[in-house]
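The values are calculated or read from the model by the stated rules, or taken from the named source; none is laboratory data. Bear in mind the structure is a predicted one, so any value in this text is a computation, not a measurement. Don't worry about glycine lacking a Cβ; one is built from the backbone with ideal geometry, like all the others, and counts go over all protein chains shown. Side chains included, ligands, DNA and RNA excluded: accessible areas come from the protein's heavy atoms. Shrake-Rupley method; radii C 1.70, N 1.55, O 1.52, S 1.80 Å.
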Amino acid sequence: MAEHAPAALTIEWTLGLCASRGSETVDVAAGAREGWLVVSDGPGGHGTGWLGARLTVRGLLARGSTSAAEARFVGAADGVPDLARWTGGVARAADIEYEKDAGDAGDRAARELASLFADIDRELAGPPKHSPASLVAGCTATRLDGARVLGAHVGIGRALLFRAGADHFESLVVEHYMHLVGARIPQFRDIDPAQIPRNIMVNGLGQLATSGVGIDRFAVELGAGDLLLLCSRRLDIPDEEAARIARTALDDGVPLHELARAIERRAAMTPSPSDVAFAIALARPIEAPPAR
């Protein structure tokens, strides 16, 4: 799928999903709608991690995009697990709300991502509408304004930029693990980051009011051949290897969805694959029509 951008570029995008083995639910989600890419990670708790990720992705796309184009989803945003029990009813009710919001898209003005994040944060934090307990979800989302990428980030997701001709990714965000952002939280400022475990997530939608970490924003301009990779959390393969896979695919001119499948296949070969939803955007030059 593609959308046209100024400066003789077209922005193509695709979605992907790396899934753990034997899991009853997939607690990550990704979605795309014309001009928008969203990934989310539900850290779990009471079997509702998938629901937090689902509500985040579907809610952001429904409320943010002003396009009437159909959205695409993978992971938790794409289906309700068989073992959902009471949360299945919550998901179906939220889907009705999503369809209404999506249908009204053409009548709304574009909103800043941080404002939309605040809306989702209040919904996940405030039972009883969606849950008898609060939900938490990390989220990284971008709005594509032509070749300009405007992004917002909360949680442990990633936004990686792969410039044309480069051999490595540039990270556009900091993951909200305690050892990386503890200095933003008053009670943790005096703790040596080297003494903090590397897996403690300290921020997400649903807990913005209590975490103190806030919403990170980023912006970048894409040039011809630049690639943007959003991940709900770190891939199970090193960044260097993911960069080699991307460089090979781009140099060989393979379709973008084939790059996504290559990442999925490689991640599945790791000893203990994790759930990771991802979205890829690629800026391609538009060939000029032949001169008359």
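Leaving ligands and nucleic acids out of the surface, order Asp252, Asp27, Asp41 by accessible area at 1.4 Å, largest first.
Reading off the accessible areas and sorting them downward yields Asp252, Asp27, Asp41.
Could you work out the equivalent-ellipsoid semi-axes for segment 111-216, taking the square root of 5 times each eigenvalue of the Cα gyration tensor, largest first, in whole Å?
Largest first, segment 111-216 gives 25, 22, 11 Å.
Between Glu70 and Ala183, how high is the FRET efficiency from 1/(1 + (r/R0)^6) when r is the Cβ-Cβ distance and R₀ = 45 Å? Nearest 0.05.
0.60
Highest mean first, how do 10-20, 50-60, 261-271, 191-201 rank when packing is the count of other Cβ atoms within 10 Å averaged over residues?
Descending mean neighbour count gives 50-60, 10-20, 261-271, 191-201.
Let me make sure I get this right: for segment 208-260, a, b and c are the square roots of the gyration tensor eigenvalues over alpha carbons, sorted descending. Under 1.5 in a/c it's rounded, otherwise prolate if a/b > b/c, else oblate. Which is it?
Note, shape of segment 208-260 comes out prolate.
Would you kindly work out the equivalent ellipsoid of segment 26-66 from its C-alpha gyration tensor and give its semi-axes, the square roots of five times the eigenvalues, largest first in whole Å?
21, 9, 5
Ranked highest first by the average count of other Cβ atoms within 10 Å around their residues, in what order do 136-142, 280-286 fall?
Going by the mean number of other Cβ atoms within 10 Å, highest first, we get 136-142, 280-286.
Quick one: length gained pulling Ala164 to Glu221 fully straight, 0.36 nm per residue minus the C-alpha distance?
Taking Ala164 through Glu221 to full extension adds about 19.3 nm, to one decimal.
Quick check on segment 174-292: what are the equivalent-ellipsoid semi-axes from the Cα gyration tensor, as sqrt(5λ), descending, whole Å?
Those come to 36, 20, 12 Å.
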